[in-house]
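What follows is a short report on a single structure.
The values are calculated or read from the model by the stated rules, or taken from the named source; none is laboratory data. Bear in mind the structure is a predicted one, so any value in this text is a computation, not a measurement. Here Cβ is always computed from backbone atoms with ideal geometry, including for glycine, and neighbour counts include all displayed protein chains.
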Amino acid sequence: MLQALQSTLKLNDPFEACIWAMAACAFWGMMCFGEVSVPLCNDFNGKKHLMHQDTHFGYDLDGRLYVHLDLPSAKTAKSREIQLVFMVPQEGLCPLEALQNLAKVVPAGQNNPLFSWRDRQGNVCLMVKTMAINHINLVLKSWGWGATFRHSFRISGASFYLSQKVDPEIVCIAGCWCSLAYEAYICAFEQVAL
């Protein structure tokens, strides 16, 4: 589905570049879609939502590129706790490339919302969750698939890592689960994998 989404979206279009960056980051970072979007146009708050300054590219001790997002507010975080979401390059469906493309197509300042786009008049527009999900669902339906939901990317990311034989405890840590809720994803994955 991610491949279909990426190949259908026009990544030089500000709106669709933003949607692709959101989808890639939500999947690989095992984030809820509400963590990469806002509920309403006027709801942006830098203390709750990602800004450009919350994106950090770096290299690990072996010289491999990564990015981490300082998620200022997450469903699984305590009040005022910043969660670090780490992502590494991926073949073809790379969240790092999606973020770099978004920065090129939608230039913005450090304090601007990370997942935003510019309309034809050049105005910065926030990516509202329902608008993004509806657009993604239009693409998926055109490919003959059903709808995606706000937790679909988190569940799919966790399921992908589990299918690659990543230790469930690592998936739990990477997904920032602070409870045993991640076990529901493991059970769901095991039922599908059988």
Item to check | Conditions (1) modelled with pLDDT of 90 or more; (2) in a loop (DSSP other than H, G, I, E, B); (3) buried (at least 19 other Cβ atoms within 10 Å of the Cβ): number failed by PRO89 | outcome: (3)
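Take TYR59 and tell me if it is surrounded by fewer than 13 Cβ atoms within 10 Å (Cβ to Cβ), among the aromatic types (Phe, Trp, Tyr) and more than 12 Å from the chain's Cα centre (by Cα). So that I can check it myself, show each step before the final result.
Working: surrounded by fewer than 13 Cβ atoms within 10 Å (Cβ to Cβ): yes; among the aromatic types (Phe, Trp, Tyr): yes; more than 12 Å from the chain's Cα centre (by Cα): yes.
Yes.
Applying the selection to the range 144-163, what residues are among the β-branched types (Val, Ile, Thr) and without any contact (Cβ under 8 Å) to a residue 40 or more places away in the chain? Explain how you work it out, then say what you get.
Initial filter on the range 144-163 (among the β-branched types (Val, Ile, Thr)): 148, 155.
ILE155 - this is the single residue of the range 144-163 that is among the β-branched types (Val, Ile, Thr) and without any contact (Cβ under 8 Å) to a residue 40 or more places away in the chain.
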Item to check | Filter result for ALA23 (at pLDDT 95 or above, surrounded by fewer than 24 Cβ atoms within 10 Å (Cβ to Cβ) and among the small types (Gly, Ala, Ser)) | outcome: no
Checklist entry - If we scan the range 111-124, do we find a residue that is closer than 23 Å to ASP54 by Cα, surrounded by fewer than 20 Cβ atoms within 10 Å (Cβ to Cβ), in contact (Cβ under 8 Å) with a residue 40 or more places away in the chain and of a type in the set (Val, Ile, Thr)? => result no
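On the given criteria, is GLY109 farther than 20 Å from THR130 by Cβ, assigned to a loop (DSSP other than H, G, I, E, B) and under 17 Å from the mean Cα position of the chain (by Cα)? Step through it out loud before you land on a result.
On the way: farther than 20 Å from THR130 by Cβ: yes; assigned to a loop (DSSP other than H, G, I, E, B): yes; under 17 Å from the mean Cα position of the chain (by Cα): no.
Taking the combined requirement at face value, the residue does not satisfy it.
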